[in-house]
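Report on one structure; see the data block that follows.
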Amino acid sequence: MKSSLLIVISATLLLAAGSATAAEKTPQQAKMAHCNQLAGTQNLKGDARKTFMSDCLKKESKTGNMTPQQLKMKSCNSAAGEKNLSGDSRKAFMSNCLKKSA
């Protein structure tokens with residue numbers, strides 16, 4: 001009986017200690033979570049998500065102060081640039097991209 005109680009107490013203490021260290025995120029982990037959340041709110045997928053995450057995780061990134069609409073515009077603009085679009089085709093792509101993310 002005593003050994004069972006001791007095992008339960010030990011397991012509880014180990015779980016409590018493990019959850020305390022798991023809750024403490026490094027600055028990079030916190031930044032990754034923040035960028036991932038922002039990408040999720042914009043419904044980004046594929047190359048647009050990769051580009052956004054890369055830009056967001058860069059040290060000098062200023063995406064933390066941007067509104068969701070600004071982030072969406074930045075992501076769509078980046079995707080249009082990767083496709084080398086210009087003129088009417090760029091306008092059409094941007095319009096479609098911004099509507100999809102809404």
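Between the amide H of LEU44 and any residue lying 5 or more places away or on another chain, no distance stays under 5 Å, with hydrogens modeled in the peptide plane. Can you figure out the FRET efficiency of GLN28 with ASP88, using R₀ = 41 Å and their beta-carbon distance, to the nearest 0.05? About 0.50, to the nearest 0.05.
Here, each number is a calculation from the coordinates, and none is a lab measurement. The structure displayed is predicted, hence computed values, not measured ones. Glycine gets a Cβ as well: all are built from the backbone with ideal geometry, and neighbour counts include every protein chain shown.
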